[in-house]
Amino acid sequence: MQSENIKYGTTPDEILGTGKYGYVFKGKLYGEINVAVKRVHLADIAKDNTEMSAFRDLNHENILKLIHVEEEEKHMLYVFEFCAASLLEYCEGKYHGSMPDEIDALIQMANGLHYIHSRDLIHNNLKPQNILIPFDNPVQLKLADFGYSPLHEPDSNWTVWTAPELHQTLQIIRNGRLYEQKNAATRASDTFALGTTCKERW
């Protein structure tokens, strides 16, 4: 049963993407506002509530805005502003709307990333599909990910945009047992990902 405040479709053409623990759907808030709805199973939130705890407190013009949160039976619904496309869709020629010029786009992405870092968070999954283009004009690009991480926490979001050191695994012997530990993402690895993302576009 869907929430009275939030309506969303679950057909393939209404799925905007997937995140770490759930799907993101096209939806309506209060019957009139176009939104993106991330639906996360409550059991997954119990495992890891890092991403949305971080999102709740973020407020910046270059960060995707979390508008509303509501529980629905076995799921939590996170409602975000709805955007026209991603930078990846623009690069692939699927989006032909307004865009900032190259320098402004780079500054906007860097400003969003700096804001995240100033909150002792890292993005850890920066790539063209996680940079969104809103309907606003002039356009202010939005960093999105649906999964921010605490500073210095290892993660496994490895892509072609990821800094090389994050692909390395350390082997540690502790109490006679061999353990593997991933290198932690850092502000520097985020900056590397921003650079490779810009190279993809320009």
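The values are calculated or read from the model by the stated rules, or taken from the named source; none is laboratory data. Just so it is clear, the model here is predicted, and its values are computed rather than measured. Glycine gets a Cβ as well: all are built from the backbone with ideal geometry, and neighbour counts include every protein chain shown.
Results, tabulated for the structure shown:
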{"item": "Residues located in the range 40-70, provided they are modelled with pLDDT of 90 or more and among the basic types (K, R)", "result": "K65"}
{"item": "Where D120 falls short, out of the listed (1) closer than 20 Å to S189 by Cα; (2) surrounded by fewer than 17 Cβ atoms within 10 Å (Cβ to Cβ); (3) modelled with pLDDT of 90 or more", "result": "(3)"}
{"item": "Any hit, the range 143-165, residues being buried (at least 22 other Cβ atoms within 10 Å of the Cβ), more than 21 Å from T18 (Cβ to Cβ) and at pLDDT 90 or above", "result": "no"}
{"item": "Condition broken by P138, with the remaining ones in (1) outside any helix (DSSP H, G or I); (2) modelled with pLDDT under 90 satisfied", "result": "(2)"}
{"item": "Complete set of residues in the range 19-37 that are closer than 20 Å to Q129 by Cβ and either acidic (D, E) or modelled with pLDDT under 90 (or both)", "result": "G19, K20, Y21, G22, Y23"}
{"item": "So G97, is it at positive phi and either at pLDDT 95 or above or not in a strand (DSSP E or B) (or both)", "result": "no"}
{"item": "Members of the range 80-115 that are surrounded by fewer than 17 Cβ atoms within 10 Å (Cβ to Cβ), of a type in the set (A, V, I, L, M) and under 20 Å from D145 (Cα atoms)", "result": "A84, I107, A110"}
{"item": "Hits in the range 90-130 - residues which are without any contact (Cβ under 8 Å) to a residue 24 or more places away in the chain and within 16 Å of the chain's Cα centre (by Cα)", "result": "H114"}
{"item": "Of residues in the range 1-45 being charged (D, E, K, R) and assigned to a strand (DSSP E or B), the one nearest to K74 (Cα to Cα)", "result": "R39"}
